[in-house]
Amino acid sequence: QKLYKGFVKAGFGLYTTPLAEFYYDQTRSRDSGFGLHVKHMSSNGGINDVGPSTYGFNQVNGYYNHYLRNHEVGGRLMYDRRRVSYYGFDATDSILSLIDVSAPADDDLKQVYNDIGFAGRIRSLYKDSTLIAHDIGLEVHSYSSLSESRETNVRITADLSKAEQGDRYGLGILIDNNAFRGKEANGLFGETQSTTLGDQRTNGTIVGLTPLLTRQGDKYVVRVGAGMYVDAQGSTSFHFFPKAYLSYSLFDDILVPYIGLEGERRRNSFRSLTRENPWLIGRPQLENSSQLYDFYGGLRGSFSSRIGFDMRMSISSIDDRPLYVSAPNAPYGDRMAVVYDRVDVFNISGELSYRYDDALRLKGRIDVSTYGTSYELEAWNLPPYQIALGATYNLRDKLSVTFEAQFLGQRKAAYYTNPADATAEVRIDPKVQDLDGYLDLHLGLEYRYTKRLSVFLDMSNLS
């Protein structure tokens, strides 16, 4: 296919929502490759009867790869800026007038996250499988917020593997260092509390080794290994997790039963938590999680060349899993705090897909879960079931139609009337509120006028 050096996408939507996206790439080259990606999307919001819900996302990424005889060497520069609003309060005249007369209070209604990072990678390209293949990476992020919390994360990874007599021996190496200094806004004028409460500092390093042995035959795949981690955040702790996987092909891959066991130590950083929930307080508590076990089994395969399926059942447990509770910030602007608890999950899921050439594709998935907690009253905000449906239709490469539907079941949420109770050393039970389930519908249309020019219309939140 013909490759183009550039790609531009632009649009404008309801609630004053501009979209702009730009790609530039070197295209094919034997010696090197480089490219640039820039994206902007923002909106003035549009939610009635609550505070301003303005948001904006900006991304800039650039990369360069160089190809040697037996190696690929590359680097990437990244910048990401996300701006959200704490709109979770009733927009009454009295509160809005208070905001209007207090200019600095505008900063207390929003949060801005800046992420500056770079990454490097060296990957072997050996044709001889008996040599030690290696993939070594370095990634560094400097992450900060408007409330002056800052975090620096340095992550080094290495994947080594070697084939010998039909087996493949592998070793994963992880060194993850994180340094966090948190500050919290005072609640009205954006003043920090560091003079009275002191900065919250959380530093620590995770070192991990994951040896793995893989044997693959004509009909079976067997993997056996372990995850060993030393976590030096706070008090030093050692963690060991067995890993195993077995699958067997029946009737030329028509049916493939499988069973597996997984476990790992996971970093919870200021960056990872606010990516999942950007409405957090300015300095959330950081604790790392352990996936103690994820024991799963299932059956995947195909009824025909067009219909595929995957049915799966699992029992898992995560210690110190982050859960989110609401902690209102008087006199306005909802914040959320993070609490940690052991969460046990029993999950049954099924997935079905259909493909008719390149013209029509259908996909459906259902997840049903039950949760158990050790200290919290409920597994806050985790849905008991999720149903996802999707369809794409392509008419002669001219008209493309995309439809998506998502059903989310009723969840249990927690909130505190006194924000200090959410992070109190002595446990105080929150108030419980049921969040209604919802249906979300999305419809996308694209008409390709020429090979280089198309127009599109996306409609989200239709229900």
(Q) Being out of contact with any Gly (no Cβ under 6 Å at 6 or more places or on another chain), part of a loop (DSSP other than H, G, I, E, B) and open to solvent by less than 50 Å² (accessible area, probe 1.4 Å) is the requirement here; does ALA388 meet it? (A) no
Q: With respect to VAL455, determine if the residue is at pLDDT 95 or above, more than 29 Å from ARG312 (Cβ to Cβ) and open to solvent by less than 70 Å² (accessible area, probe 1.4 Å).
A: no
Q) If you go through region 441-451 one residue at a time, do you hit one that is more than 18 Å from GLU376 (Cβ to Cβ) and of a type in the set (Val, Ile, Thr)? A) yes
Q) Among the residues of region 1-10, is there at least one that is over 24 Å from the mean Cα position of the chain (by Cα), open to solvent by 60 Å² or more (accessible area, probe 1.4 Å) and small (Gly, Ala, Ser)? A) yes
Q | Residue check, ARG448 surrounded by 16 or more Cβ atoms within 10 Å (Cβ to Cβ) and among the basic types (Lys, Arg) | A | yes
Q) Is there any pair with a first residue in region 438-458 that is of a type in the set (Gly, Ala, Ser) and a second that is assigned to a strand (DSSP E or B) whose Cβ atoms are under 6 Å apart and which are 6 or more apart or on different chains, and what are they? A) GLY444/THR402; GLY444/ASP458; SER454/GLU446; SER454/ARG448
**Q.** Odd one out for TYR375, checked against (1) hydroxyl-bearing (Ser, Thr, Tyr); (2) assigned to a strand (DSSP E or B); (3) open to solvent by 30 Å² or more (accessible area, probe 1.4 Å)
**A.** (2)
Q: Within region 270-280, work out how many residues are in contact (Cβ under 8 Å) with a residue 40 or more places away in the chain and touching a Lys or Arg at 6+ places or on another chain (Cβ under 9 Å).
A: 5
Q: Give the residue, chosen from ARG168, ARG155, that is without any contact (Cβ under 8 Å) to a residue 24 or more places away in the chain, farther than 22 Å from GLY45 by Cα and not small (Gly, Ala, Ser).
A: ARG155
Q.
Suppose we filter SER144, SER194 for residues that are among the hydroxyl-bearing types (Ser, Thr, Tyr) and modelled with pLDDT of 95 or more; which single one remains?
A. SER144
Q. Consider VAL343 against the criteria (1) open to solvent by less than 70 Å² (accessible area, probe 1.4 Å); (2) at pLDDT below 95: it satisfies all of them except one. Which criterion is unmet?
A. (2)
Q. If you take the residues in region 369-412 that are farther than 21 Å from ALA337 by Cα and of a type in the set (Asp, Glu), which one is nearest to the chain's Cα centre (by Cα)?
A. GLU404
Q.
Restricting to region 288-328, and then to whatever is open to solvent by less than 60 Å² (accessible area, probe 1.4 Å) and aromatic (Phe, Trp, Tyr), can you tell me which residue is nearest to PHE241 (Cα to Cα)?
A. TYR296
**Q.** Residue among GLN433, GLN406, GLN410 that alone is over 20 Å from VAL325 (Cβ atoms), in contact with a strand residue (DSSP E or B) (Cβ under 7 Å, 6 or more places away or on another chain) and among the polar types (S, T, N, Q)
**A.** GLN406
(Q) Could you check region 47-94 and list, in sequence order, the residues that are among the charged types (D, E, K, R) and either open to solvent by 60 Å² or more (accessible area, probe 1.4 Å) or under 20 Å from THR274 (Cα atoms) (or both)? (A) ASP49, ARG69, ARG76, ASP80, ARG81, ARG82, ARG83, ASP90, ASP93
Q. Quick one: in region 395-415, which of the residues that are free of Cβ contacts under 8 Å to residues at least 40 places away in the same chain and more than 18 Å from LEU443 (Cβ to Cβ) is least open to solvent (accessible area, probe 1.4 Å)?
A. GLY409
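The values are calculated or read from the model by the stated rules, or taken from the named source; none is laboratory data. Here the structure is a predicted model, which is why all the values come from computation and not from measurement. FYI the Cβ positions are ideal-geometry reconstructions off the backbone, even for glycines, and counts take in every protein chain you see. Side chains are part of the model used for accessible areas, which takes the heavy atoms of the whole protein and leaves out ligands, DNA and RNA. Shrake-Rupley method; radii C 1.70, N 1.55, O 1.52, S 1.80 Å.
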